[in-house]
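Down below is the structure, laid out as structure tokens.
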Amino acid sequence: MVGGKENINFNLAVDHQIKNNVSKEIYGLSVKKWVNQTTMAKKKSTKPKMMWVYSPTATKAQKEAISRQFEPLIEELKKNIKPLPEPQEFNQCVDVFSKWRGNYFYIMQKYKTGEGGIKDYFDIGLARLEFYGENRFNLAFFRHTGKWEPIHMYEDISFEEAKKAILEDPMFQMF
């Protein structure tokens with residue numbers, strides 16, 4: 001009988017013998033060996049250890065200064081926006097704007113949907129700058145999967161380097 005009284009009695013007998021530190025044989029295995037076999041069968045956790053990481057936060061004054069620094073860049077990107085065709089069949093970029101969310105400064109594109117769209121407008125990211133310190137940023141682009149992908153060659157860069165990368169790198173092209 002697998003799940004009946006014999007199995008319950010076996011577990012009670014093993015518990016009783018472990019508490020009393022008695023080593024007797026049950027079904028051909030000693031109690032100590034049986035305990036070691038069950039504990040050794042567990043796998044060790046592969047979870048990485050937690051550690052402290054440097055993560056500066058931007059103050060309100062720093063956020064306003066950074067926003068002012070990027071206004072000319074956003075105006076330059078707006079010059080690249082093409083006028084809406086008549087009739088509009090496809091999605092078309094109509095605006096470029098910036099916003100802060102937490103420690104990240106986003107440069108976003110606003111699109112007008114074509115014929116038969118569910119919404120009239122939607123937003124897509126163009127670039128994300130993570131505040132990394134005084135005038136230092138980590139740059140990321142928005143993938144087609146809907147996730148931000150950091151670019152390792154643009155880690156810990158200055159404002160001028162970020163501006164140049166956004167204007168010249170094809171990862172940040174506007175459609």
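The values are calculated or read from the model by the stated rules, or taken from the named source; none is laboratory data. Source: prediction; values computed, not measured. In this analysis, Cβ positions are derived from the backbone assuming ideal geometry, glycine residues included, and neighbour counts consider all displayed protein chains.
If only residues of the stretch 60-89 that are exposed (fewer than 10 other Cβ atoms within 10 Å of the Cβ) and within 27 Å of Phe131 (Cβ to Cβ) are counted, the one that is modelled with the lowest pLDDT is Lys79. Of the set (1) under 29 Å from Thr59 (Cβ atoms); (2) part of a strand (DSSP E or B); (3) touching a Phe, Trp or Tyr at 6+ places or on another chain (Cβ under 7 Å); (4) not small (Gly, Ala, Ser), all apply to Gln109 but (3). Of the strands (runs of 3 or more DSSP E) lying entirely inside the stretch 117-175, those carrying at least 2 residues that are farther than 26 Å from Ile81 by Cβ are 121-133, 136-142.
In the set Phe90, Phe122, only one residue is assigned by TED's automatic domain parsing to the domain that holds Ala162 and touching a strand residue (DSSP E or B) at 6+ places or on another chain (Cβ under 6 Å); that residue is Phe122. Would you say Ser45 is of a type in the set (S, T, N, Q), surrounded by fewer than 13 Cβ atoms within 10 Å (Cβ to Cβ) and either at pLDDT 65 or above or part of a strand (DSSP E or B) (or both)? It is true that Ser45 is of a type in the set (S, T, N, Q), surrounded by fewer than 13 Cβ atoms within 10 Å (Cβ to Cβ) and either at pLDDT 65 or above or part of a strand (DSSP E or B) (or both).
The residues on offer are Tyr111, Tyr106, and the sole one that is touching a Cys at 6+ places or on another chain (Cβ under 6 Å), surrounded by 13 or more Cβ atoms within 10 Å (Cβ to Cβ), over 16 Å from Leu167 (Cβ atoms) and not charged (D, E, K, R) is Tyr111.
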